Amino acid sequence: MISITEKEFKQLSEYIEYKYGINLRPEKQVLVMGRLQNVLNSLDIDNFTDYFTHVISDRTENSEQVLIDRITTNHTFFMREAEHFEYYKNKILPYLVRNVKSRDLRIWSAGCSTGEEPYTLAMINRDCFGNEKVNWDTQILATDISQKVLETAVKGIYNNEELLSLPMYWKTNYLKKYNSRCSIVKDLIKEDIIFRKFNLMDNFPFRKKLHVIFCRNVMIYFDNITKNTLIKKFYDILEYGGYLFIGHSESISREKTGFRYIMPSLYIKG
């Protein structure tokens, strides 16, 4: 086992926080050391000082991508915090259908991980619009900093046990058999999602304001300053009356933002 000193951990964690906003607290030192062992071994590097030098000197940024893939925790599943999807289906979508005259829905799944969240939203959209969908632009932007999880999301292949919580109608109409153990998302759902690598610490590239942002269980890895800065960016890029979903374990300081509370982990701009 290659050990990481406190100085090396501080150097690496400060770099990760600067680049990605992820706050690796001191108690994560052993976790970081464990997750990077195979990386150092594959590079024939025997200490974390040399590894850090290797990462920041790699102009291809491949080493940095490997680092962030190993460090980030990407745990999600279909219908996670299901009441969010119910509210989106029963309240938000009908409101948007009535009020978005351009018929251009702009929805962002920020921190989409392996794709379960945006695929669920795309299925809900497909149910809502039915034959009218051809008259709407309902493509969902789904982003993450991890290239590894995005590759899984794009494939859209899931173990059948992971799909047990989905309605039978969805499993019949929006997925198909891949092999004896797995199913794959059909193209009519895949084409409704644009997967992109994106770092939430970067400037937002949107030309038009958004109607809904899902950023759930992402900000738990940020310190308060980073979180408040990101929330301000979300607020600015949303349409008036736009919605922000966050994770149940997360909260927003209503004294420091213009967001209005609707229910736990759901806020509206206005």
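The values are calculated or read from the model by the stated rules, or taken from the named source; none is laboratory data. This is a predicted model, so every value here is computed, not measured. Here Cβ is always computed from backbone atoms with ideal geometry, including for glycine, and neighbour counts include all displayed protein chains.
From the list Leu36, Leu93, Leu121, Leu67, exactly one residue is modelled with pLDDT of 95 or more, within 23 Å of Lys197 (Cβ to Cβ) and in the same structural domain as Glu162 (by TED's automatic domain parsing). Which is it?
Checking each option against the conditions leaves just Leu121.
Any residue that is in a loop (DSSP other than H, G, I, E, B), modelled with pLDDT of 95 or more and charged (D, E, K, R) - is there at least one of those in the stretch 214-224?
Yes, because at least one residue in the stretch 214-224 is in a loop (DSSP other than H, G, I, E, B), modelled with pLDDT of 95 or more and charged (D, E, K, R).
Results for (1) of a type in the set (Ser, Thr, Tyr); (2) surrounded by fewer than 16 Cβ atoms within 10 Å (Cβ to Cβ); (3) within 26 Å of the chain's Cα centre (by Cα), shown as yes or no for each residue.
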| residue | (1), (2), (3) |
| --- | --- |
| Ser3 | yes, yes, no |
| Gly21 | no, no, yes |
| Leu24 | no, no, yes |
| Gly34 | no, yes, yes |
| Leu40 | no, no, no |
| Asp50 | no, yes, no |
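With respect to the numbered conditions (1) surrounded by 17 or more Cβ atoms within 10 Å (Cβ to Cβ); (2) more than 22 Å from Tyr20 (Cα to Cα), which one is the sole condition not fulfilled by Ser146?
All conditions are met except number (2).
Could you list, in sequence order, all residues of the stretch 5-19 that are under 13 Å from Glu64 (Cβ atoms) and crowded, with 18+ Cβ neighbours inside 10 Å?
Leu12, Ile16
Which one of the conditions (1) surrounded by 17 or more Cβ atoms within 10 Å (Cβ to Cβ); (2) assigned to a loop (DSSP other than H, G, I, E, B); (3) at pLDDT 95 or above does Arg80 fail to meet, given that it meets all the rest?
Answer for Arg80: the failing condition is (3).
I'm told Cys112 meets every condition in (1) without any contact (Cβ under 8 Å) to a residue 24 or more places away in the chain; (2) part of a loop (DSSP other than H, G, I, E, B) except one. Can you identify the failing condition by its number?
(1)
What do you reckon, is Leu200 of a type in the set (A, V, I, L, M) and in contact with a Lys or Arg (Cβ under 7 Å, 6 or more places away or on another chain)?
In short, no.
Can you tell me which residue within the stretch 193-226, out of those that are more than 15 Å from the chain's Cα centre (by Cα) and closer than 23 Å to Gly241 by Cβ, is surrounded by the fewest Cβ atoms within 10 Å (Cβ to Cβ)?
Arg207
Is it fair to say Glu86 is part of a helix (DSSP H, G or I), more than 23 Å from Val149 (Cβ to Cβ) and at pLDDT below 95?
The answer is no for Glu86.
Residues that are aromatic (Phe, Trp, Tyr), under 23 Å from Asp223 (Cα atoms), touching a helix residue (DSSP H, G or I) at 6+ places or on another chain (Cβ under 7 Å) and not assigned by TED's automatic domain parsing to the domain that holds Leu200: does the stretch 19-27 have at least one? Full working, then the answer.
So the first thing to find is which residues in the stretch 19-27 are aromatic (Phe, Trp, Tyr), and the list is 20.
With under 23 Å from Asp223 (Cα atoms) added as a condition, the list becomes 20.
Next cut, touching a helix residue (DSSP H, G or I) at 6+ places or on another chain (Cβ under 7 Å) only: 20.
Next cut, not assigned by TED's automatic domain parsing to the domain that holds Leu200 only: 20.
The answer is yes; a qualifying residue exists.
All but one of (1) β-branched (Val, Ile, Thr); (2) under 26 Å from Leu230 (Cα atoms); (3) not in a loop (DSSP other than H, G, I, E, B) hold for Ile22; state the number of the condition that does not hold.
(3)
Determine whether Tyr243 is farther than 24 Å from Gln65 by Cα, crowded, with 21+ Cβ neighbours inside 10 Å and touching a residue at least 24 places away in the same chain (Cβ under 8 Å).
So Tyr243 fits the description; yes.
Of the conditions (1) touching a helix residue (DSSP H, G or I) at 6+ places or on another chain (Cβ under 8 Å); (2) modelled with pLDDT of 95 or more; (3) not acidic (Asp, Glu), Ser42 satisfies every one except a single condition; which number is it?
Of the numbered conditions (1) touching a helix residue (DSSP H, G or I) at 6+ places or on another chain (Cβ under 8 Å); (2) modelled with pLDDT of 95 or more; (3) not acidic (Asp, Glu), the odd one out for Ser42 is (1).
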